[in-house]
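First comes the structure, then the notes that go with it.
Each value in this text was obtained by applying a stated rule to the coordinates, not by laboratory testing. The structure displayed is predicted, hence computed values, not measured ones. Using ideal geometry, Cβ is built from the backbone for each residue, glycine included, and neighbour counts are taken over all protein chains shown.
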Amino acid sequence: MTSERTDVQVRAGVESDLGFLTEIYNHYVRETPLTFDTVVLTPEERRPWLLSHLQDGPHRLMVATDTDPEPEPGAGRILGYATSSGFRPKAAYATSVEVSVYLAPDAGGRGIGTLLYEALFEALAGEDLHRAYAGVAQPNEASVRLHERFGFRHVGTYREVGRKFGRYWDVAWYEKEL
């Protein structure tokens, strides 16, 4: 554990977080192949996503914030978030979730993804869930390491499944027993 991690709080996401969460997500839309959305979204367009992640149940949103007691510019801001979402819309998939983590562009390497997943999986522990899945656009070693640290195992790769920035990208799929 690094000392930087001690100034991070993880809590359930709330509606007032929507603007900051949208900014973080849009960074990945604009700058990376890590999400296959290709057009930035407004907070209003993201509202249904936010509202689908309740503070209880299998679909959660956990948010990491900076709690530095002597804030620098940007302190107290959202550093990242983790979600568990429905895996597929059919009823038989109800005990499976898809999980993901998104960090603010300058928040990597501080263990925030680990803190977020710790809180997310703790929150999900009492739910009627059987498996968690994560799709990781390749290459993304940091995400692969994070998922493996939490007991995910690679179960397959969809080759050239998405096209963004003029090229095709693979998505490796990981699974974890809950």
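Full extension of the segment from GLU122 to ARG77, taken as 0.36 nm per residue of separation minus the current Cα-Cα distance, would add 13.9 nm.
Under 20 Å from a label point set 7 Å out along the Cα-to-Cβ vector of ARG131, the amide N atoms of segment 84-104 belong to 84-101.
Taking the Cα centre of the chain as origin and assigning +1 to Lys and Arg Cβ atoms and -1 to Asp and Glu Cβ atoms, the resulting dipole is close to 760 debye. With no solvent and one point per C-alpha, what does the Debye sum give as log10 I(q)/I(0) for segment 132-178 at q = 0.17, 0.22, 0.24 Å⁻¹? For segment 132-178 at q = 0.17, 0.22, 0.24 Å⁻¹, log10 I(q)/I(0) is -0.47, -0.71, -0.80. Checking every one of the trypsin sites (Lys or Arg not before Pro) in segment 88-178 against DSSP loop status and a limit of 12 other Cβ atoms within 10 Å picks out LYS90. Scaled to the globular estimate 2.2 N^0.38 Å, the Cα spread of the chain, given as radius of gyration, is 1.01. ARG145 label point, 7 Å along Cα→Cβ, cut-off 20 Å on backbone N: hits in segment 89-103? Only 100-103 fall inside the zone, counting backbone N under 20 Å.
Would you work out the relative contact order for the chain, in percent, from Cα pairs under 8 angstrom that are 6 or more residues apart?
Over the chain, the number comes to 20 percent.
Subtracting the Cα-Cα distance of ASP106 and LEU41 from 0.36 nm times their residue separation leaves 21.3 nm of extension gain.
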